[in-house]
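Notes follow the structure.
Please treat every number below as a calculation from the coordinates, not as lab data. Bear in mind the structure is a predicted one, so any value in this text is a computation, not a measurement. Positions of Cβ are backbone-derived with ideal geometry, glycine not excepted, and every protein chain shown enters the neighbour counts.
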Amino acid sequence: MPQGNGQYEEAFVRAAAAAYVWVSISDGPLKEIEVDGFIDFLLATPYVDALSDDQFMDIYLNLVALFERDYELGRERAVMRLSVFQNDPERAQEIFKVAQKSLTADSQLSDREELVLSEIASILNINET
């Protein structure tokens, strides 16, 4: 687990962004309302305080660009970032909540999004039942 100098906070934001973007983009292009939903959710967490606004947006937008360019590579990066928290139940649950938030951000729920959410739960060792 990353430690010190904001590394843990940055790892959390990277994992949360990965979960949110992965679910949001799984059913098609990212919508502005989905971007706003992610920003609103994370601004309410203490982890963002350790990052500058530029760092926060770079993390998010770079991941969006990766998924748009190569979905499978974006998925692999998301799995890598999420795996960091698979043995941290409290942070894993917070990340999972971010992923769940993305399901409702655009007021549309697709089967594809639900499948991705289930995969995220599995990676984070979260029992969805």
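Rounded to the nearest 0.05, what FRET efficiency do D111 and V79 give with R0 = 22 Å and r taken as the Cβ-Cβ distance? Could you check? The pair D111/V79 has a calculated efficiency of 0.60. When each of the peptides 89-101, 15-27, 59-71 is scored by how many other beta carbons lie within 10 Å of its residues on average, the order from highest to lowest is 15-27, 89-101, 59-71.
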